[in-house]
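Here the structure comes first, spelled out in structure tokens, and everything after it is commentary.
The values are calculated or read from the model by the stated rules, or taken from the named source; none is laboratory data. Please read all numbers here as calculations on a predicted model, not as lab measurements. Glycine gets a Cβ as well: all are built from the backbone with ideal geometry, and neighbour counts include every protein chain shown.
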Amino acid sequence: MYFHRQELQHKATPDKPDAVYARKLQEVLGGQYGEITVAMQYSFQAWNMHIPGKYRDLVFGIAAEEMGHVEMLAVMIAQLLEKSPLGITDDAVQSDPTVAAVIGGTDIQHGIVTGAGARPVDSMGNPWQGSYITGSGNLLADFTANANAEMQGRVQVARLYHMTDDHGVRDLLQFLLARDTMHQNQWMAAAAELREEGLEEWPVPSNFPQRKEDTDVSYEYINFSDGAQASEGSWAKGPTPDGKGEFSYRAEPEGGVPMPPATQPDARWYGTTAKPNTMEKIAGEVQDKLHME
């Protein structure tokens with residue numbers, strides 16, 4: 001159950017309108033790593049979680065906070081668009097609002113579709129997609145994906161911070177950066193706690209027996225590049241992070257397995273294939289006639 005309180009978690013008021021920056025801000029609202037994504041990602045993870053308790057409570061709690069971040073960004077975008085000029089001010093171009101919007105770098109649909117409001121899209125106008133979210137049911141995999149989402153989002157907010165000198169916008173971004181810092185640490189801590197409690201281990205999923213995989217190459221770094229310096233990393237030698245093996249290094253892959261013969265679909269698939277011999281042609285014609293009848 002949701003209950004909406006008409007308050008914001010943090011102030012979201014710009015110093016002045018800026019339609020171009022409003023479009024940029026759409027990325028951290030409706031982009032792949034935007035607030036809509038993490039809000040829905042955490043929500044679906046919690047709804048589908050197999051065990052109740054502290055982990056589900058954590059996911060639900062952060063999901064609800066992220067929905068509040070969606071709201072703050074939508075409110076900020078709407079205010080950036082309020083009384084905002086279409087873009088550039090040259091009279092010759094400004095006389096055509098559509099041309100001015102394109103040249104000025106604004107989102108035309110902010111004016112045409114939403115009436116100067118936020119949209120569930122990224123900065124290029126691509127609609128937000130449910131395929132952005134990750135919810136596998138494996139908590140270690142999901143918490144690791146969540147940490148990555150917070151990292152990617154924080155990178156984008158940090159870049160946006162340096163794209164404006166508006167103190168009101170920067171104030172909101174500073175708050176979002178801080179919350180991303182917290183959430184990154186929470187997801188990493190939760191992943192570590194899962195491992196400490198033995199609920200999940202590396203490699204994920206830990207309840208699939210490793211004896212069933214090709215263990216000869218489980219911890220072998222096979223270098224498929226001519227960049228030899230990769231062999232100097234901790235991922236090429238020494239103990240593996242899962243504590244179950246030792247890294248080994250192979251400078252280049254061995255010879256591969258020959259390709260099987262090309263497939264030969266029958267004529268009904270209308271592909272370009274090798275010319276059939278007489279008997280194959282007769283058999284194909286008979287088969288086609290039977291199929292037609």
Point to revise | First in the stretch 6-30 and assigned by TED's automatic domain parsing to the domain that holds L173, second anywhere and part of a loop (DSSP other than H, G, I, E, B) and among the hydrophobic types (A, V, I, L, M, F, W, C), Cβ under 6 Å, 6 or more apart | key: G30/W128
Check your understanding: Is it true that D122 is surrounded by fewer than 15 Cβ atoms within 10 Å (Cβ to Cβ) and out of contact with any Lys or Arg (no Cβ under 6 Å at 6 or more places or on another chain)?
Key -> no
Check your understanding: So which residues in the stretch 214-245 are among the charged types (D, E, K, R) and loosely packed, with under 10 Cβ neighbours inside 10 Å, if there are any at all?
Key -> D214, D216, D226
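I'd like the full set of residues that are assigned to a helix (DSSP H, G or I) and over 25 Å from the mean Cα position of the chain (by Cα), limited to the stretch 164-211. Steps first, answer last, please.
From the stretch 164-211, those assigned to a helix (DSSP H, G or I) are 167-196, 210-211; that's our starting set.
Across the stretch 164-211, the qualifying residues are H167, G168, D171, E196, Q210, R211.
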**Study point:** the stretch 214-243 residues that are within 27 Å of A192 (Cα to Cα), paired with ones that are exposed (fewer than 11 other Cβ atoms within 10 Å of the Cβ) (beta carbon under 7 Å, 6 or more apart)
**Key:** Y219/E246; G238/E246; P239/E246; T240/E246
Review point. Limited to the stretch 182-209, what total is found for residues that are among the aromatic types (F, W, Y) and surrounded by 13 or more Cβ atoms within 10 Å (Cβ to Cβ)?
Key: 2
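For A230, indicate whether it is outside the structural domain of V59 (by TED's automatic domain parsing), part of a helix (DSSP H, G or I) and over 30 Å from M72 (Cα atoms). Step through it out loud before you land on a result.
Working: outside the structural domain of V59 (by TED's automatic domain parsing): yes; part of a helix (DSSP H, G or I): yes; over 30 Å from M72 (Cα atoms): yes.
Yes; evaluated as a whole, the condition is true for this residue.
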Exercise for review: For residues that are among the charged types (D, E, K, R) and in contact (Cβ under 8 Å) with a residue 60 or more places away in the chain, scanning just the stretch 165-181, find the one that is surrounded by the fewest Cβ atoms within 10 Å (Cβ to Cβ).
Suggested key: D171
